Each structure stands twice: as C-alpha cells, then as structure tokens.
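J.: Sharing a structure with you now.
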Amino acid sequence: MIDIIIANTANHYSKIAKLADVIWREHYIPIVGKPQIDYMLDKYQSATAIREQVVNGFEYFLITFNTTPVGYISIKKEAESLFLSKIYVSSVYRGKKIGKAAMAFIEEKAKDYELKRIRLTVNINNTNSIKAYEKLGFVNTGPLVTDIGNGFVMDDYQMVKTV
Ligand SMILES: CC(C)(COP(=O)(O)OP(=O)(O)OC[C@H]1O[C@@H](n2cnc3c(N)ncnc32)[C@H](O)[C@@H]1OP(=O)(O)O)[C@@H](O)C(=O)NCCC(=O)NCCS
C-alpha cells in the first residue's frame, strides 16, 4: 500500500536525505557527473538543507510502500503555480504507478491552494522522466538554465500541467 506522509521531523528529513543520496547518485551521475552531484546533494538534500527549505516554505512528503520509504516529493506554493521541486521514486519501485499516485496527490494540493498550474523543471537529458511527465499530462514549455554556483548550471526544461 502506498502512503504519502508529511515530512516534518528530523527523522523524516534524515530518511529523505538517505533516499536522495542513493537515487541521485545512481540517476544523475551518468547525466551531469559526480562533482556536480556531490555539490548538489550537500547544498540541497542533506537533512539540514531540507529542514531549511521547509522553514522557507517548501513542503516535503515521504512516500512509503508497505511502510518502507521508497520516495519523496517536494512542492512550493507560488503566486501562479504549484512548483513541483522534487519527485523521486527508488529505482526498484519505478513503473509501479507510485509516481502516478504521487502526482494525483500533488494535483489535490494544487486544487487546495486554488492554483491552476503545476510546473516543474527537469534536466534536458533526463529522457525517461521527461517521457513519464508527458504521460502524466505535462507539456514542455522550453529550456531553463539556472546557475547554482561553484561553476555548475542546471540545464533544464520547464514542464507545465494545467489542473
Ligand atoms: C519520474 C518518476 C518519479 C516516475 O515515477 P514512477 O513510479 O516510475 O511512475 P509510474 O509508474 O507512476 O508511471 C507514471 C506514468 O509514466 C509512464 N512512465 C514511467 N516511466 C516511464 C519511462 N521510462 N518511459 C515512458 N513512460 C514512463 C508510465 O507508463 C505511466 O503512464 P501510464 O499511466 O499512462 O501508463 C520515477 O521514474 C523517478 O523517480 N525517476 C528517476 C528520478 C527522476 O528523474 N525524477 C524526476 C526528477 S525531475
């Protein structure tokens, strides 16, 4: 059974940081290389960084499958859109409709906030996830390059779904 629970304790942040460490290394090192992932994990996905983001308006949710942590979501309410900052499912649990359940949950959040759009950014070479987002109803609105410091950039597409 899939559960999506609000992450608001040090224990939750630590579980998410552990998931991020495994998922990001496996998934992104082939795409952007180890130095950038070491930098991004430390800057964005340590338990401390997650807690700071929560203080600054990001909401994190832990996804469990039969009580095992298998993924996580991060969202932020913006003026015009719900920003889907992160959605990750552990590799062995992918393709089992967990991402789809997570997206239904996010759509409900958008409706709760009376927002008509969900937007996300995805690396231009993250081909499988782009395909999954298209299946989930997102449309590519074009490139978005973000300087994240230390000589690194995030080379993304923005994708948008109307809800
Ligand atoms: C993207 C991700 C969250 C999707 O979660 P998931 O649990 O694997 O997705 P689901 O099983 O719920 O599939 C959702 C839909 O996408 C489709 N899909 C999933 N992976 C796909 C792939 N590699 N290629 C084509 N379609 C795919 C499914 O067929 C399904 O569509 P359908 O209901 O019409 O059949 C997950 O694959 C993931 O964590 N990927 C790696 C990390 C990542 O890149 N995250 C996004 C960062 S921006």
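J.: Which residues, taken from segment 98-115, are assigned to a loop (DSSP other than H, G, I, E, B) and in contact with a Leu (Cβ under 9 Å, 6 or more places away or on another chain)?
T.: Once the filter is applied, which keeps residues that are assigned to a loop (DSSP other than H, G, I, E, B) and in contact with a Leu (Cβ under 9 Å, 6 or more places away or on another chain), segment 98-115 yields Tyr113, Leu115.
J.: Quick one: which residue in Phe65, Phe105, Phe138 is within 14 Å of the ligand (Cβ to nearest atom), more than 23 Å from Leu41 (Cα to Cα) and without any contact (Cβ under 8 Å) to a residue 24 or more places away in the chain?
T.: Phe138
J.: Out of Asn150, Asn123, I need the residue that is touching a residue at least 12 places away in the same chain (Cβ under 8 Å), at positive phi and not aromatic (Phe, Trp, Tyr). Which one?
T.: Asn150
J.: Go through Lys86, Lys97, Lys76 for me and flag whichever is open to solvent by 50 Å² or more (accessible area, probe 1.4 Å), within 10 Å of the ligand (Cβ to nearest atom), of a type in the set (D, E, K, R) and closer than 27 Å to Arg25 by Cα.
T.: Lys97
J.: I would also like to ask the following. Of the residues Lys96, Lys161, which single one is of a type in the set (D, E, K, R) and touching a strand residue (DSSP E or B) at 6+ places or on another chain (Cβ under 6 Å)?
T.: Going through Lys96, Lys161 in turn, the sole match is Lys161.
J.: For segment 20-45, give me each residue that is open to solvent by less than 40 Å² (accessible area, probe 1.4 Å) and within 14 Å of the chain's Cα centre (by Cα).
T.: Matches in segment 20-45: Ala20, Ile23, Trp24, Tyr28, Met40, Leu41, Gln45.
J.: Please indicate, with yes or no, whether at least one residue in segment 80-88 is modelled with pLDDT of 95 or more and in contact with a Gly (Cβ under 6 Å, 6 or more places away or on another chain).
T.: Yes - at least one qualifying residue is present in segment 80-88.
J.: If Val122 satisfies all but one of (1) more than 18 Å from Tyr28 (Cβ to Cβ); (2) within 8 Å of the ligand (Cβ to nearest atom); (3) surrounded by 18 or more Cβ atoms within 10 Å (Cβ to Cβ), what's the number of the condition it fails?
T.: Of everything listed in (1) more than 18 Å from Tyr28 (Cβ to Cβ); (2) within 8 Å of the ligand (Cβ to nearest atom); (3) surrounded by 18 or more Cβ atoms within 10 Å (Cβ to Cβ), Val122 misses just condition (1).
J.: Return the only residue of Ala104, Ala132 being within 16 Å of the chain's Cα centre (by Cα), open to solvent by less than 50 Å² (accessible area, probe 1.4 Å) and over 25 Å from Asp38 (Cβ atoms).
T.: Ala132
J.: Taking the conditions exactly as written (closer than 20 Å to Lys15 by Cα, open to solvent by less than 20 Å² (accessible area, probe 1.4 Å) and among the polar types (S, T, N, Q)), does Ser81 satisfy them or not?
T.: no
J.: For Gly142, all conditions in the list (1) open to solvent by less than 40 Å² (accessible area, probe 1.4 Å); (2) more than 14 Å from the chain's Cα centre (by Cα); (3) closer than 26 Å to Asn8 by Cα hold save one; what is the number of the exception?
T.: Gly142 satisfies all of (1) open to solvent by less than 40 Å² (accessible area, probe 1.4 Å); (2) more than 14 Å from the chain's Cα centre (by Cα); (3) closer than 26 Å to Asn8 by Cα except (3).
J.: A further question on this structure: If a residue has to be in contact with a strand residue (DSSP E or B) (Cβ under 7 Å, 6 or more places away or on another chain) and either open to solvent by 80 Å² or more (accessible area, probe 1.4 Å) or assigned to a helix (DSSP H, G or I) (or both) to count, how many in segment 1-19 make the cut?
T.: Total satisfying the criteria: 6.
The values are calculated or read from the model by the stated rules, or taken from the named source; none is laboratory data. The model shown is predicted, which means the values in this text are computed figures rather than measured ones. For neighbour counting, all protein chains shown are included, and Cβ atoms are generated from backbone atoms with ideal geometry for every residue, glycine included. The accessibility values were calculated without ligands, DNA or RNA, using every heavy atom of the protein model including side chains. Shrake-Rupley method; radii C 1.70, N 1.55, O 1.52, S 1.80 Å.
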